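In what follows, a single structure is set out as structure tokens and then discussed.
The values are calculated or read from the model by the stated rules, or taken from the named source; none is laboratory data. Please read all numbers here as calculations on a predicted model, not as lab measurements. Cβ placement follows ideal geometry from the backbone for every residue including glycine, while neighbour counts extend to all protein chains displayed. The accessibility values were calculated without ligands, DNA or RNA, using every heavy atom of the protein model including side chains. Shrake-Rupley method; radii C 1.70, N 1.55, O 1.52, S 1.80 Å.
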Amino acid sequence: MAATDALAVVVVAHNSAAHLPGLIDSLLEQLGPADELVVVDNGSSDGTAALAAGAGERVVLIESGVNLGFGAGCHAGARATGAPLLLFLNPDCRPEPGCLEALRAAAAAHPGWGAWQAAVLLPDGNINTDGGVVHYIGIGWAGDCDRPVSAMAPDPYEVAFPSGAAFVVRRSVWDELGGLEPSYFLYSEDLDLGLRLWLAGHRVGIVPGARVVHGYEFDKGAGKWFWLERNRWRTVLSVYPAALLALLAPALLAAELAVHAAAARDGWLGAKLRADAAVLAGLPGTLARRRHVQASRRISAREFASHLGASLDSPYLPVSDTHWAARGQAAYWAVVQRVL
């Protein structure tokens, strides 16, 4: 194995003692001689750090002492390694045999890809995500979640964004774009990175032959919606090209009414209002970030828009398509794409 194929596996853990030993065991069976394995413990109180420390000499433990959040934890792990391919895995994942080799091989097979994910499966064998999907208002979700694995194409293909549960990014690209946004803390860091990759002229894919079983759970309380909504707006305002943002302004404002109504209906209006306040308070920082992100842009607004869609067809979304709403969104999006 050439050193240019080496993987630095980074696992960011927080109170993950129930899952971490199984992940480490499956990784140790697949690591190559030049690969690295780092566990970043984000202030766990359940013995996670002790488990990682006792897992053998191939496991490097970094103890942050506090919960840095997912993105910042990934940065800590990346800084502690040197391999040219960074593989980020959630602690509740189990890579199936051959997974790491399939992910490794994609680096040479798809030189235009800046990042790529494994096929992430649920414990029952159905799909967790076969590539992230993004609606033009910035809501993203796990593609084909709960569908049978037979629905997934067998050969590698491109996706809007890679799943944060199990994805590889070239270190050179990570350094170029600044990696995951650490200020997001939780949720949507992968969506944000995927769209920034496309904006900067890199491509994003999935390797269906590399499979990971993930103990996925969407519903983690109303507080999750705070992070999802705050981070959605931060991404839209900093990553979308100006021409696209201007054309989408009416739809974004109309969507806010629908999201607030759904939040009131489903009991997370307080989280949504806190997210709104955080977006407004953080606007100067978001605009500063926008200048930096847009400086990396290498594609047209029209090409960027091609990685977004108009469907809200997912059971995990706060709002969903009705027949007429779906037709209206599709028509609006078609006009936006023609104008671009």
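Limited to segment 89-117, what total is found for residues that are of a type in the set (A, V, I, L, M, F, W, C) and within 15 Å of Gln30 (Cα to Cα)?
Number satisfying all stated conditions: 7.
Evaluate the following for Gly285: is it touching a helix residue (DSSP H, G or I) at 6+ places or on another chain (Cβ under 9 Å), in a helix (DSSP H, G or I), loosely packed, with under 13 Cβ neighbours inside 10 Å and not charged (D, E, K, R)?
Working: touching a helix residue (DSSP H, G or I) at 6+ places or on another chain (Cβ under 9 Å): yes; in a helix (DSSP H, G or I): yes; loosely packed, with under 13 Cβ neighbours inside 10 Å: yes; not charged (D, E, K, R): yes.
So Gly285 passes the test.
Go through Ala242, Ala305, Ala255 for me and flag whichever is of a type in the set (Gly, Ala, Ser), exposed (fewer than 13 other Cβ atoms within 10 Å of the Cβ) and touching a residue at least 24 places away in the same chain (Cβ under 8 Å). Don't jump to the end; show me each part of the working.
Values: Ala305 fails: exposed (fewer than 13 other Cβ atoms within 10 Å of the Cβ); Ala255 fails: exposed (fewer than 13 other Cβ atoms within 10 Å of the Cβ).
Among Ala242, Ala305, Ala255, only Ala242 is of a type in the set (Gly, Ala, Ser), exposed (fewer than 13 other Cβ atoms within 10 Å of the Cβ) and touching a residue at least 24 places away in the same chain (Cβ under 8 Å).
Any idea which of (1) open to solvent by 40 Å² or more (accessible area, probe 1.4 Å); (2) over 18 Å from Gly71 (Cβ atoms); (3) modelled with pLDDT of 95 or more; (4) outside any loop (DSSP other than H, G, I, E, B) is the one Gly201 doesn't satisfy?
Just one mismatch for Gly201, condition (4).
Does segment 258-277 hold any residues that are closer than 15 Å to Arg232 by Cα and open to solvent by 60 Å² or more (accessible area, probe 1.4 Å), and which are they?
Once the filter is applied, which keeps residues that are closer than 15 Å to Arg232 by Cα and open to solvent by 60 Å² or more (accessible area, probe 1.4 Å), segment 258-277 yields Leu273, Arg274.
With the structure loaded, tell me whether Leu237 is open to solvent by less than 60 Å² (accessible area, probe 1.4 Å), in contact with a Ser or Thr (Cβ under 9 Å, 6 or more places away or on another chain) and assigned to a loop (DSSP other than H, G, I, E, B) or whether it fails that test. Working first, answer last.
Numbers: open to solvent by less than 60 Å² (accessible area, probe 1.4 Å): yes; in contact with a Ser or Thr (Cβ under 9 Å, 6 or more places away or on another chain): yes; assigned to a loop (DSSP other than H, G, I, E, B): no.
When the stated conditions are applied, Leu237 does not pass them.
Would you mind stating whether Ala305 is under 20 Å from the mean Cα position of the chain (by Cα), modelled with pLDDT of 95 or more and closer than 21 Å to Gly205 by Cα?
Details: under 20 Å from the mean Cα position of the chain (by Cα): yes; modelled with pLDDT of 95 or more: yes; closer than 21 Å to Gly205 by Cα: yes.
The answer is yes for Ala305.
Within segment 223-234, track down each residue that is more than 30 Å from Ser26 (Cα to Cα) and surrounded by fewer than 19 Cβ atoms within 10 Å (Cβ to Cβ).
Within segment 223-234, Gly223 is the sole residue that qualifies.
Taking segment 87-110, which residues are in contact with a helix residue (DSSP H, G or I) (Cβ under 7 Å, 6 or more places away or on another chain) and within 18 Å of Ala3 (Cα to Cα)?
Selection gives Leu87, Arg104, Ala107.
Under the condition of being more than 20 Å from Leu103 (Cα to Cα) and among the acidic types (Asp, Glu), which residue from segment 120-164 is least open to solvent (accessible area, probe 1.4 Å)?
Of everything passing the filter in segment 120-164, Asp144 is least open to solvent (accessible area, probe 1.4 Å).
Of everything in segment 165-177, what is open to solvent by less than 40 Å² (accessible area, probe 1.4 Å) and farther than 19 Å from Asn90 by Cα? Give them in sequence order.
Val173, Leu177
Residue check: is Gly114 farther than 10 Å from Val207 by Cβ and open to solvent by less than 10 Å² (accessible area, probe 1.4 Å)? So that I can check it myself, show each step before the final result.
Details: farther than 10 Å from Val207 by Cβ: yes; open to solvent by less than 10 Å² (accessible area, probe 1.4 Å): yes.
Answer is yes for this residue.
For Ser238, only one of the following conditions fails: (1) touching a His at 6+ places or on another chain (Cβ under 9 Å); (2) more than 24 Å from Leu180 (Cβ to Cβ). What is its number?
Condition (2) is where Ser238 drops out.
Look at segment 57-96 and say how many of its residues are more than 19 Å from Ser188 (Cα to Cα), open to solvent by 30 Å² or more (accessible area, probe 1.4 Å), in contact with a strand residue (DSSP E or B) (Cβ under 9 Å, 6 or more places away or on another chain) and touching a residue at least 24 places away in the same chain (Cβ under 8 Å).
9
Looking only at residues in segment 204-222 that are more than 26 Å from Leu87 (Cβ to Cβ) and open to solvent by 40 Å² or more (accessible area, probe 1.4 Å), which one is nearest to the chain's Cα centre (by Cα)? Can you show your working first?
Kept after step one, since they are more than 26 Å from Leu87 (Cβ to Cβ), are these residues of segment 204-222: 219, 221-222.
Restricting the remaining residues to those that are open to solvent by 40 Å² or more (accessible area, probe 1.4 Å) gives 219, 222.
Working: Asp219: 17, Ala222: 20 Å.
Restricting to residues being more than 26 Å from Leu87 (Cβ to Cβ) and open to solvent by 40 Å² or more (accessible area, probe 1.4 Å), the top hit is Asp219.
Among the residues of segment 1-32, count how many are within 16 Å of Cys99 (Cα to Cα) and surrounded by fewer than 19 Cβ atoms within 10 Å (Cβ to Cβ).
9
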